[in-house]
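The values are calculated or read from the model by the stated rules, or taken from the named source; none is laboratory data. Predicted model only: the values in this text are computed from it and were never measured. Heads up, the Cβs are rebuilt from the backbone with ideal geometry, glycines too, and the neighbour counts pull from every protein chain shown.
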Amino acid sequence: MLLAQTEINPKVKPDKDKEFVTTELNKKFPIYKKVARDIWSYAELGFLETQSTERLQGVLREAGFTVKTGVSEMPTAFVATYGSGGPVIGILAEFDALPGLSQDSVPNRKILDEGDPGHACGHHLFGTASVAAAVTLKEWLIKSKKPGTIKLFGTPAEEGGAAKVYMVRDGLFDDVDAVLHWHPSSANDASPSSCLSIKQTIFKFYGRSAHAAAAPYAGRSALDGLEAMNYMVNLMREHVPQEARIHYVINKGGLAANVVPDYAEAEYMVRHPDARMVEEIWNRIVKAAEGAASGTETTMKYEVISGSYNLVPNETLAQLMYNNLRIVGGVMYTPEEVAFGKQIQSTLTTKYPPLETAAQVQPFKTGGFFPASTDVGDITWVVPTAGLGTATWVPGVPAHSWQAVASGGMSIGYKAMNNAAKIITMTGIDIFNNPSVLVKAKKELDNYTGPDFKYKSMIGDRKPPLDFRSGKQ
């Protein structure tokens, strides 16, 4: 039997401001549910989210926001602004899908269109809840007659395109005092945590083709150069910190066995909890590539595809967000949703928690860490930032799975989306009502980064890779 809401949070009561938030978002829930479902059905890949971004922008314009589109040379990126003066609160909104995860919103594997994308990370819910929060916070500003500015950042291509990094590099967050965000999950948690920094690079080797049997001496194998590099990097694994992760794939290695390959390339990712260590390991990999090219008499070039910092946890803002998570609580399942959840869990191959955990709030803990990467990381190094997860997926469901697409496309996902919108709005109200909290949050950030820190993106001066998903649907 699922826990009742009062059993989960028996002592947490909302004030009048937060009752206003709950009333407003519950009233408009059918509207935002429709927006999320539309974006779920579009399922557009990174930098190709034309319909999705227009849908979100339309809601914001109708609510009175001024929308600037195509920011940082990304056609689907935008910044929507309402209000004037400080404090300035930023809210992040994602909306891209993943390749090859087409799935109906049913608890069994049912592909809608073979090979098409699907919202396996719940970004249709992410973007919609953030927009709903921005609009509701705007309505509260009008009602309360408080000064302040809301900025909704429409951030495309989180799944590999690292759009937020370009926005940070271009100074779009320079005038923002705090950033709030969330992400779909299988649990309800607002504890501050960090993650892995990452740098992604394509290494390209150029050789000289020749007949592999009749005249091999006339050729210089680009594949030999690439394999020599890979061998040296694999030897290097013993001599890097154990928290480091180095992974690669060979994208191109020749076209025919009887032709000495004149071109070969590999995609490398380097990860570590500290961005500075990522740079150090990456520099060593470049040296291995240079040595491999020298030893095989080939030439080598590389192209940095993306890179992002680890998350900087901010306990000050996280505590505010957690308090509001306790007010809102978790997701209460109907009997039909319980049946859906049980069927979804029957398809999982790993251990999973009971369905009741969707209704529970995880305890507040510091020092959290998850072994993945996100382009939100760069923002956290320049602006105090807090985020949370709500149980949009059946407990135990992993991200980037067909089960996540199914959960996020039905009532469970939409209810958790509504919870996230409430929590972000309430946290924004807390900041507007008590701007002094921003001083403490900024001091915490400065203590983490150090007095000499100056942000420098890991992508250099490259332009956004707008075509990185083209042709991969």
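Select from the stretch 295-320 the residues that are within 16 Å of Leu223 (Cβ to Cβ) and touching a helix residue (DSSP H, G or I) at 6+ places or on another chain (Cβ under 9 Å) and list them in ascending order. Listed by number, the residues that qualify are Gly295, Thr296, Glu297, Thr298, Thr299, Met300.
Do we have Asp224 as at pLDDT below 95 and farther than 26 Å from Phe468 by Cα here? Before the answer, list the steps.
Values: at pLDDT below 95: no; farther than 26 Å from Phe468 by Cα: yes.
No, not satisfied.
Taking the conditions (1) in contact (Cβ under 8 Å) with a residue 12 or more places away in the chain; (2) over 30 Å from Asp116 (Cα atoms) in turn, Asn418 satisfies each one other than (2).
Can you confirm whether the stretch 112-119 contains a residue that is assigned by TED's automatic domain parsing to the domain that holds Glu159, of a type in the set (A, V, I, L, M) and touching a residue at least 24 places away in the same chain (Cβ under 8 Å)? No, the conditions are met nowhere in the stretch 112-119. Among the residues making up the stretch 266-299, those that are surrounded by fewer than 21 Cβ atoms within 10 Å (Cβ to Cβ) and in a strand (DSSP E or B) are Glu267, Met269, Thr299.
Would you point out the residue of the stretch 103-134, among those that are part of a loop (DSSP other than H, G, I, E, B) and of a type in the set (A, V, I, L, M, F, W, C), that is nearest to Val179 (Cα to Cα)?
Of all residues in the stretch 103-134, those part of a loop (DSSP other than H, G, I, E, B) come to 103-117, 119-122.
Add one more test, that the residue is of a type in the set (A, V, I, L, M, F, W, C), and what stays is 106, 111-112, 120-121.
On the way: Val106: 35, Ile111: 37, Leu112: 36, Ala120: 24, Cys121: 21 Å.
The residue in question is Cys121.
From the list Val88, Val131, Val106, exactly one residue is surrounded by fewer than 18 Cβ atoms within 10 Å (Cβ to Cβ) and either in contact (Cβ under 8 Å) with a residue 40 or more places away in the chain or within 15 Å of the chain's Cα centre (by Cα) (or both). Which is it?
Numbers: Val88 fails: surrounded by fewer than 18 Cβ atoms within 10 Å (Cβ to Cβ); Val131 fails: surrounded by fewer than 18 Cβ atoms within 10 Å (Cβ to Cβ).
The match here is Val106.
Picking from Val259, Val249, Val278, Val270, which residue would you name as being without any contact (Cβ under 8 Å) to a residue 24 or more places away in the chain and of a type in the set (Val, Ile, Thr)?
Working: Val259 fails: without any contact (Cβ under 8 Å) to a residue 24 or more places away in the chain; Val278 fails: without any contact (Cβ under 8 Å) to a residue 24 or more places away in the chain; Val270 fails: without any contact (Cβ under 8 Å) to a residue 24 or more places away in the chain.
Step by step, each of Val259, Val249, Val278, Val270 is checked, and only Val249 is without any contact (Cβ under 8 Å) to a residue 24 or more places away in the chain and of a type in the set (Val, Ile, Thr).
None of Lys415, Lys422 is touching a Leu at 6+ places or on another chain (Cβ under 6 Å) and farther than 30 Å from Tyr166 by Cβ except Lys422. The strands (runs of 3 or more DSSP E) located wholly in the stretch 168-210 that include 3 or more residues which are aromatic (Phe, Trp, Tyr) and outside the structural domain of Pro384 (by TED's automatic domain parsing) occupy 197-206. Output the residue which, of all residues in the stretch 360-377 that are hydrophobic (A, V, I, L, M, F, W, C) and under 16 Å from the mean Cα position of the chain (by Cα), is surrounded by the most Cβ atoms within 10 Å (Cβ to Cβ). The extreme case among them is Val376.
Looking only at the stretch 64-84, count how many residues are closer than 10 Å to Leu152 by Cβ and either of a type outside the set (S, T, N, Q) or touching a Gly at 6+ places or on another chain (Cβ under 8 Å) (or both).
Just the residues of the stretch 64-84 that are closer than 10 Å to Leu152 by Cβ, to begin with: 65, 67, 78-82.
Those left that are additionally either of a type outside the set (S, T, N, Q) or touching a Gly at 6+ places or on another chain (Cβ under 8 Å) (or both): 65, 67, 78-80, 82.
Going through the stretch 64-84 one residue at a time, the tally reaches 6.
Only one of Asp189, Asp96, Asp174 is in contact (Cβ under 8 Å) with a residue 24 or more places away in the chain and over 19 Å from Gly428 (Cα atoms); which?
Criteria check complete, one pass: Asp96.
Quick one: would you say Ala214 is in a loop (DSSP other than H, G, I, E, B), among the aliphatic types (A, V, I, L, M) and touching a residue at least 40 places away in the same chain (Cβ under 8 Å)? Answer is no for this residue.
Cβ separations smaller than 9 Å between residues 6+ apart or across chains give the following pairs from the stretch 20-49 residues that are touching a residue at least 12 places away in the same chain (Cβ under 8 Å) to residues that are of a type in the set (A, V, I, L, M) and surrounded by fewer than 17 Cβ atoms within 10 Å (Cβ to Cβ): Ala43/Leu112. Please indicate, with yes or no, whether at least one residue in the stretch 378-391 is modelled with pLDDT of 95 or more, surrounded by 23 or more Cβ atoms within 10 Å (Cβ to Cβ), touching a Lys or Arg at 6+ places or on another chain (Cβ under 8 Å) and part of a loop (DSSP other than H, G, I, E, B). Yes, that holds for at least one residue.
Please find, among Ile424, Ile412, Ile429, Ile459, the residue that is at pLDDT below 95, of a type in the set (Val, Ile, Thr) and touching a Ser or Thr at 6+ places or on another chain (Cβ under 9 Å).
So the residue among Ile424, Ile412, Ile429, Ile459 that is at pLDDT below 95, of a type in the set (Val, Ile, Thr) and touching a Ser or Thr at 6+ places or on another chain (Cβ under 9 Å) is Ile459.
Scanning the stretch 162-208 for residues that are among the β-branched types (Val, Ile, Thr) and touching an Asp or Glu at 6+ places or on another chain (Cβ under 8 Å) yields Val165, Val168, Thr201, Ile202.
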